[in-house]
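The values are calculated or read from the model by the stated rules, or taken from the named source; none is laboratory data. Since we're looking at a predicted model, the values are computed, not measured. All Cβ positions, even for glycine, are placed from backbone atoms using ideal geometry, and neighbour counts span all protein chains on display.
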């Protein structure tokens, strides 16, 4: 099998010749090591939208400002009802960013946010996906994506967790109107994605029980995933869901969803659920791992031993991938990725030995 065939076989729940070993494009610094690892089978995962967004009555403006000796990005939604402003900080290693001041700061802001959501329309645009797919060849896989599900999208992208949970208690009508508007618009987006040439659809939800327990998951997540699964499965798509947090308290809830692929699953010792436990609980679901981040700083011998144990727990190896979905410290990434690759070369042939 080539690299792409190996990845696709595993994501469809099948048995490849060897456990796929993958990383997001951009997560691996380009250069000699990247070339060596890719020649040894490390595959690339890329994401490209299959739609464009139009908001005729809303404008998003961005400008850099200096605060405390660093550059902060100020983003402002300008609408007929008023403005929402956010401040973001970007870290240089992974180029990821996070809000240090969120868009929603008071109850009135939910009305402005609801206006922005209703003003959004989606139009099919398959060009970027098809071009990236052609560029990728057999070196990896190109996915498309939908938005984060509304519960996650609202607190991650607009409010912050504290304000979201407090407002959900104090102003449930305002918060739930925004969540309902997001769900309504997502249905429009799903129809565009469902008729696209992409087979695998990424839901970048960042699920963790640290932000919600089983009660909230059953109320807000399960019905949403059921609706998403109905549309995507009817059109031959398979759904990734980015669940990279603590999942032990949500095991049974996740099992009830129609999600096909638990992606970025982070096992012990970084997460709170082992590969063996996840495989037993989520029969029929593909497990696409984020190699436990805390292990990257260990010695090559420890990294190899952890990799071998992950492979052992995943036996016989159908529907299983090992990947990198988080940043790795610059001073250890070469040592760690080489050790993982060596271990997969040695012990990753399928069927795996339990």
### Query
Looking at (1) within 30 Å of residue 195 (Cα to Cα); (2) in a strand (DSSP E or B); (3) not assigned by TED's automatic domain parsing to the domain that holds residue 203, which is the only condition residue 114 fails?
(2)
### Message
Being within 22 Å of the chain's Cα centre (by Cα) and in the same structural domain as residue 292 (by TED's automatic domain parsing) is the requirement here; does residue 13 meet it?
### Response
yes
### Query
Which of the residues belonging to the stretch 282-308 are closer than 29 Å to residue 220 by Cα and surrounded by fewer than 16 Cβ atoms within 10 Å (Cβ to Cβ)?
283, 284
### Query
Of the residues that make up the stretch 133-153, is at least one in contact (Cβ under 8 Å) with a residue 12 or more places away in the chain, under 30 Å from residue 35 (Cα atoms) and surrounded by fewer than 15 Cβ atoms within 10 Å (Cβ to Cβ)?
yes
### Odd one out for residue 104, checked against (1) modelled with pLDDT of 95 or more; (2) part of a loop (DSSP other than H, G, I, E, B); (3) farther than 30 Å from residue 188 by Cβ
(3)
### Query
Taking into account only those residues within the stretch 56-97 that are in contact with a helix residue (DSSP H, G or I) (Cβ under 7 Å, 6 or more places away or on another chain) and outside any strand (DSSP E or B), which is farthest from residue 331 (Cα to Cα)?
81
### Message
I'd like the full set of residues that are touching a residue at least 24 places away in the same chain (Cβ under 8 Å), outside any strand (DSSP E or B), over 13 Å from residue 319 (Cα atoms) and touching a strand residue (DSSP E or B) at 6+ places or on another chain (Cβ under 8 Å), limited to the stretch 1-51.
### Response
3, 4, 25, 27, 28, 38, 41, 48, 49, 50
### Query
Hey, among the residues in the stretch 230-256 that are without any contact (Cβ under 8 Å) to a residue 40 or more places away in the chain and farther than 25 Å from residue 24 by Cα, which one's surrounded by the most Cβ atoms within 10 Å (Cβ to Cβ)?
253
### Message
Restricting to the stretch 330-354, name every residue that is modelled with pLDDT under 95 and closer than 19 Å to residue 10 by Cα.
### Response
353, 354
